[in-house]
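For reference, the structure is listed below as structure tokens.
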Amino acid sequence: MELRDGGWQKGDDGNVMHLSLVMPVVEGKKTSFNFEYHLVEDNPLAIAKEMVTELGISEACTGKISKTIQELVDARAEETKRKAEAEKQEVAI
């Protein structure tokens, strides 16, 4: 199982992350489930619990999924901060 940041989507206001959960279904084949994570409204644990329930994933995976979501959110926040600082420097030049 792998959870990834699906990148920015056209029309995003910066408060929505598109995440993709990739899971093996049979040997050598995978399927992905895409979902939105609202940075202001959602929290990693609630989303992880929802995924476990809706996708039939083992409850033992809840903590790992939650931690991975938080890491992706943190990475996105850092990326956004770097872009804002770079834009600020361009304007100052």
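The values are calculated or read from the model by the stated rules, or taken from the named source; none is laboratory data. Values in this document were obtained by computation on a predicted structure and should not be read as measured data. Surface areas here come from the heavy atoms of the whole protein model, side chains and all, with no ligands, DNA or RNA. Shrake-Rupley method; radii C 1.70, N 1.55, O 1.52, S 1.80 Å.
What the table shows:
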| read-out | value |
| --- | --- |
| Carbon/sulfur fraction of accessible area - the chain, other protein chains in place, 1.4 Å, % | 51 percent |
| Per residue solvent-accessible surface (Å²) - the chain, probe of 1.4 Å | 71 Å² |
| Between 0 and 90°, nearest 10: helix 62-92 axis offset from the chain longest Cα axis | 10 degrees |
| For the chain: Kirkwood Rh in Å [reciprocal of mean 1/r, alpha carbons] | 14.6 Å |
